[in-house]
Amino acid sequence: MTVRVRIAPSPTGNFHIGTARTAVFNWLFARRQGGQFIVRIEDTDTERSKAEFTENILEGLKWLGLNWDEGPFYQSQRIERYREAVQTLLDRGLAYRCYCTPEELETMREAQKARQEAPRYDNRHRNLKAEQEAAFVAEGRKPVIRFKIEDEREIIWSDQIRGQVVWKGRDLGGDMVIARTPEGDEVFGQPLYNLAVVVDDIDMQISHVIRGEDHIANTAKQILLYEALGGTVPVFAHTPLILNQEGRKLSKRDGVTSISDFQGMGFLPDAIANYMTLLGWTPPEGSPEIFSLSEAAQQFELDRVSKAGAKFDWQKLDWINSQYLHNMPPDQLVDLLIPQWQGAGYAFDPVADRDWLVELAALVAHSLTRLTDAVAEACLLFGDSITLNEAAQEQLKLDGAREILQAVLSGLEGAENLTPEAAKSLINQVTKAQKVKKGLVMKSLRAGLTGEVQGPDLIQAWVLLHQKGWDKSRLTQALKSL
């Protein structure tokens, strides 16, 4: 059997992290099994589906590196195919027209509630006589199409994550609506989710359906539809939900829900994909926690996916992201940091200053947790002027601090190129000439160069400032401010 899996998001919102994690699992399984990963856009909800959400989903998949083999397919382009399936079920006597009004259904539900029964359709129009149906049509009623679900039917499947799952037909809410009321001259209305999904899976020869546990009840209904339409029932695997630290389903209240949110917060796609793989899946013992999707695909098995909900851990995600940033080559990292620095309004030429920017990226890399951190980490190194904070002012008021800065400036006269070795040598010369402790020289020099008493490596920062000629102008400004 050729493995064929699909990710089938609805474009009624941005690419949600739960959908993205499902996409990662499907992609990993397909690659592990040598199968195909298919993208299908379930956009039959015309009122809520938007083109910008479709674009957001597809861009999110690309950003994460989840290349697909077929698609994207759009349900909105397959409406007639779904209507054919509805007609097939009607012709076989497996579906029927239900003329109940919303008011009648509400009255039925209220009566069930009063009897402390679970709400369900009572199948009252399943066996209408021709004259009854004609009377409803004469009243101007327009029917939905319902699929018959027998109360005593037992639906059983072997879930690849949850083991054997058993449902009774009576627990599925009565006969299921598979098409809305018709509009205008339509024979019947818009086919609904459960039917469209099954028709797509049959036509696309989907072998495995890997999706969230919130679809389990849908799976029971859909198995009945696969059988009714003569299709092969796929193998199912229901993944755990992503939970917040309180054990509730992750939502907007937790600060983020979509992949584009994570992108804007400065996370790398490789880090997000790495972390999402660990949300519910346990690598074999001894495997590293930092891995690429391709590396994970070599080991991914559904029997290592947990049944329990996966708690989202921001600290773990930050740590994983930092590992990718710390180990990225500076000439690659700089391309990610330049937009951050441009967005902060720092003045530089990304082409002419590239070599300098690469050195700056190397300097701040090990201080980064997210890309956005680069703005604060590099802010002291842009521009020929500084603002002395309170601690820096106090440092430069110490006995000998002024003389230290004057001596450093004198030592820089005529120095066109300052290497780390030359910078260290000058510090030693000033320390000896001024007869002070080296710590006073270092702290005073940092205050005069950056306006603060803490920051990145002093020698590397000084070398970068010197390449721009900013070290002299900053030290001169610091002396004038005293």
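Quick notes
- The residue pairs whose first member lies in the stretch 238-258 and is over 30 Å from Ser158 (Cβ atoms) and assigned to a loop (DSSP other than H, G, I, E, B), whose second member is at pLDDT 85 or above and not aliphatic (A, V, I, L, M), and whose beta carbons are closer than 7 Å, counting only pairs six or more residues apart or on different chains, are Asn244/Phe312; Gln245/Lys311; Val256/Phe262; Thr257/His16.
- Of all residues making up the stretch 140-165, the number that are open to solvent by 70 Å² or more (accessible area, probe 1.4 Å), without any contact (Cβ under 8 Å) to a residue 40 or more places away in the chain and closer than 26 Å to Arg83 by Cβ: 1
- Residue in the stretch 43-58 that is least open to solvent (accessible area, probe 1.4 Å), counting only those that are part of a helix (DSSP H, G or I), touching a residue at least 24 places away in the same chain (Cβ under 8 Å) and not small (Gly, Ala, Ser): Ile57
- Annotation note: of Asp355, Asp349, Asp331, the sole residue that is open to solvent by 50 Å² or more (accessible area, probe 1.4 Å), in contact with a Lys or Arg (Cβ under 9 Å, 6 or more places away or on another chain) and under 17 Å from Leu464 (Cα atoms) is Asp331.
- Out of Ala423, Ala407, Ala391, Ala401, sole residue that is open to solvent by less than 30 Å² (accessible area, probe 1.4 Å), more than 22 Å from Trp356 (Cβ to Cβ) and either in contact (Cβ under 8 Å) with a residue 40 or more places away in the chain or not hydrophobic (A, V, I, L, M, F, W, C) (or both): Ala401
- Residues of the stretch 173-193 satisfying the condition of being open to solvent by 10 Å² or more (accessible area, probe 1.4 Å), within 14 Å of Arg97 (Cα to Cα), in contact with a strand residue (DSSP E or B) (Cβ under 9 Å, 6 or more places away or on another chain) and of a type in the set (A, V, I, L, M): Met176, Val177
- Looking across the stretch 201-222 at every residue that is part of a loop (DSSP other than H, G, I, E, B) and aliphatic (A, V, I, L, M), the one that is farthest from Arg81 (Cα to Cα) is identified as Ile206.
- Residue satisfying condition, being polar (S, T, N, Q), buried (at least 18 other Cβ atoms within 10 Å of the Cβ) and out of contact with any His (no Cβ under 6 Å at 6 or more places or on another chain), within set Thr476, Thr431: Thr431
- Filtered residues of the stretch 275-298 (kept if closer than 16 Å to Asn321 by Cβ and more than 11 Å from the chain's Cα centre (by Cα)): Thr277, Leu278, Leu279, Pro288, Glu289, Ile290, Phe291, Ser292, Leu293
- Out of Arg32, Arg40, Arg83, sole residue that is modelled with pLDDT of 95 or more, over 30 Å from Lys129 (Cβ atoms) and either small (Gly, Ala, Ser) or open to solvent by less than 70 Å² (accessible area, probe 1.4 Å) (or both): Arg40
The values are calculated or read from the model by the stated rules, or taken from the named source; none is laboratory data. Just so we're clear, the structure is a prediction, and the values are computed from it rather than from any experiment. Positions of Cβ are generated from backbone atoms using ideal geometry, with glycine treated the same way; all protein chains shown enter the neighbour counts. Only protein heavy atoms, including side chains, enter the accessible area calculation; ligands, DNA and RNA are left aside. Shrake-Rupley method; radii C 1.70, N 1.55, O 1.52, S 1.80 Å.
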